[in-house]
Every structure is written in structure tokens, then in C-alpha cells.
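*Asks:* Once you've had a glance at the structure underneath, I'll fire off some questions.
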Amino acid sequence: MTQTETTPAADRGAAVIDVQNLHKYFGDNEVLKGIDFHIARGEVVCVIGPSGSGKSTLLRCVNLLEEPTSGTILVDGDEITDPDADVDALRARIGMVFQQFNLFPHMTVLRNLTVAQEKVLKRGKAESLEIARTNLEKVGLSDKADAYPAHLSGGQQQRVAIARALSMNPDMMLFDEPTSALDPELVGDVLAVMKDLAAEGMTMMVVTHEMSFAREVADKVVFMDGGVIVEEGLPADVLGNPQHERTQEFLARVL
Ligand code: ADP
Ligand code: MG
């Protein structure tokens, strides 16, 4: 095969996250109804859609916080849906940031950033501290190293959560509505950090209602409704010229 030829198989080889025919049931409730989805290295994909459409479940299946009912998920070519997959090793490669920041409340900011480095990655204290400080600086919070989470604003806590995820040197980052719990004036700082990460080439899957972020930063926007991907493509196409009625209706409500 020449280099200019591309086949679906070749595309799949380049995908960092490759989801094939993913189904997820909670009891009788089919929440994901055959999702096909992939993200290439360095790509930023924003997932949008109404509440209850299955966005969080899709994200949570990608790092096995939820067990898929059927289908295949490959991460970096490794089939994580294989029963023999090393789930801990997989999770170490994927950083996850939630709507609720989930910091350890009884630990300082710095300790929040070092504890998993030491316990999971078996890094030494000095190295963990150095990496923690580098990542705190990256999110603009070097001066909060010794503070406890309760003394920070929501936006600062979320930036700490991002720095904590980055301290594990993940290959990719998953964000589930990272700014939805924040007061409007705190959203910008968090999005700015995410924008920097994207510019550095981090592979990112971001569930968000921030359409301006999606338009500006995403390589691809995926619109989900009722457990299926209704439409996906370039932000300018999906957000600016949606083809499906359901996408049009959703955007008319949120834009
Ligand atoms: P979204 O993130 O798009 O709002 P979710 O993935 O959270 O959607 O939810 C999709 C559907 O799955 C909803 O109907 C929700 O009630 C259901 N669901 C999500 N998590 C669970 C769970 N742990 N147990 C049972 N039902 C769930
Ligand atoms: Mg959700």
C-alpha cells in the first residue's frame, strides 16, 4: 500500500481512542445504542447533546468507570474491553476531570497532586513534588500549593483537578462538563487552561455546553441524542450548519 492511500483500517490504526459498536444498558434501559467513534492523537473532540443523551456514560466507558454491555473499545490499539485487560494500567494513561472536582478535602493542594504519583506510579517524593509544582504553575496556582481545597474557589479547585490529572502524565484527557458547576465568572480561567493543553497537543475528549469553546478549540464536534451519535464533523459544520433536525433543535435551545 502506498502512503497516500488511506483505508478505514489505516485510520483505525492512527486512532488513540477507537470505539466500535458500543452498547450500554442499565437494566432494561439502553443508554448507548451502537456508538462508533474515534479520536486521533492530538485531536480535541467536543461531545454535545441534551441531558440524558448518554454523554457521560460514553466517557465513563472509555476509561471503564462503566462496563460496556457489548462492543469494542481500543485505546492506543489495546482492546480495553478484553476481560484480561489491565484496567489500572489503562486508567493511568487517561486523565479524567469531572464536573464536581473530587479533590481530597483533607489534603493540601500539593498533596492532592503527589499522592497518586507516589502510590500508583511509585515515584519518589522529590520527583512527585517537582512534577506537582510544574503542573500547579501551568494552571496558574503556584501560590496555592499549601492551601486546602475548601479555601479555593470552584474555578481554582477545577484547575487543581486538571493539574492533578496532568501530574500522572496521561496520554489523553477526558473532561465531563468541567465548567458546569462553576459560577460564570470562573469559567474562563478553566477554559483557558484547557485551551493551553489543546495547543500543546494533548488528546482531549470534552463533554461541554460551552459552544464557544467547542467552536474555537475542537477539531471535531459530536452531537449525541438518545444514545446515538446523530451528527459529527467540523465545528463550523455541526454548530454552524447542522444537517439534522435534532441538532438544529438542540442548538436553537443552547446558542
Ligand atoms: P448525559 O451525560 O448525556 O446527561 P448520562 O450518560 O449521564 O447522560 O445518562 C444517560 C442515561 O443513562 C440517563 O437516562 C441516565 O438516567 C442513565 N444512567 C446513567 N448512569 C446510570 C446508572 N449508573 N444507573 C442507571 N442509569 C444510569
Ligand atoms: Mg453527563
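*Asks:* Please enumerate the residues belonging to the range 205-223 that are of a type in the set (Phe, Trp, Tyr) and within 15 Å of ligand 1 (Cβ to nearest atom).
*Replies:* The one that is of a type in the set (Phe, Trp, Tyr) and within 15 Å of ligand 1 (Cβ to nearest atom): 223.
*Asks:* Collect the residues in the range 165-184 that are more than 12 Å from the chain's Cα centre (by Cα) and closer than 19 Å to residue 216 by Cβ, keeping them in residue-number order.
*Replies:* If the condition is that a residue be more than 12 Å from the chain's Cα centre (by Cα) and closer than 19 Å to residue 216 by Cβ, then 179, 180, 182, 184 are the ones that fit.
*Asks:* Exactly one condition in (1) in a strand (DSSP E or B); (2) within 16 Å of ligand 2 (Cβ to nearest atom); (3) of a type outside the set (Phe, Trp, Tyr) is false for residue 209; which is it?
*Replies:* (1)
*Asks:* Quick test for you: out of 249, 216, pick the one residue that is within 30 Å of residue 138 (Cα to Cα), surrounded by fewer than 16 Cβ atoms within 10 Å (Cβ to Cβ) and among the acidic types (Asp, Glu).
*Replies:* Of 249, 216, the one residue that is within 30 Å of residue 138 (Cα to Cα), surrounded by fewer than 16 Cβ atoms within 10 Å (Cβ to Cβ) and among the acidic types (Asp, Glu) is 216.
*Asks:* Now for a different question. Determine, yes or no, whether residue 136 is assigned to a loop (DSSP other than H, G, I, E, B), more than 16 Å from the chain's Cα centre (by Cα), at pLDDT 95 or above and closer than 19 Å to residue 191 by Cα.
*Replies:* The answer is no for residue 136.
*Asks:* To continue, here is another question. Could you go through the range 214-226 and let me know if any residue there is touching a Gly at 6+ places or on another chain (Cβ under 6 Å), assigned to a loop (DSSP other than H, G, I, E, B) and in contact (Cβ under 8 Å) with a residue 60 or more places away in the chain.
*Replies:* No, the range 214-226 has no match at all.
*Asks:* Same structure, new question: Counting only residues that are touching a Leu at 6+ places or on another chain (Cβ under 9 Å) and more than 6 Å from ligand 1 (Cβ to nearest atom), how many does the range 47-65 have?
*Replies:* Total meeting the criteria: 10.
*Asks:* Scan the range 159-174 residue by residue and report those that are in contact with a Leu (Cβ under 8 Å, 6 or more places away or on another chain) and either of a type in the set (Gly, Ala, Ser) or within 16 Å of ligand 2 (Cβ to nearest atom) (or both).
*Replies:* If the condition is that a residue be in contact with a Leu (Cβ under 8 Å, 6 or more places away or on another chain) and either of a type in the set (Gly, Ala, Ser) or within 16 Å of ligand 2 (Cβ to nearest atom) (or both), then 161, 163, 167, 174 are the ones that fit.
*Asks:* Identify the residue in the range 10-31 that is in contact with a Ser or Thr (Cβ under 8 Å, 6 or more places away or on another chain) and within 24 Å of residue 213 (Cβ to Cβ) and, among all such residues, is modelled with the lowest pLDDT.
*Replies:* My answer is 16.
*Asks:* On the basis of being under 27 Å from residue 88 (Cβ atoms) and either within 16 Å of ligand 2 (Cβ to nearest atom) or surrounded by fewer than 18 Cβ atoms within 10 Å (Cβ to Cβ) (or both), does residue 200 make the cut?
*Replies:* Answer is yes for this residue.
*Asks:* Can you pull out the residues in the range 191-206 that are among the charged types (D, E, K, R) and not in a helix (DSSP H, G or I)?
*Replies:* 200
The values are calculated or read from the model by the stated rules, or taken from the named source; none is laboratory data. Please read these numbers as outputs of a predicted model, since none were measured by experiment. Here the Cβ is made from the backbone with ideal geometry for all residues, glycine too, and neighbour counts use every protein chain on show.
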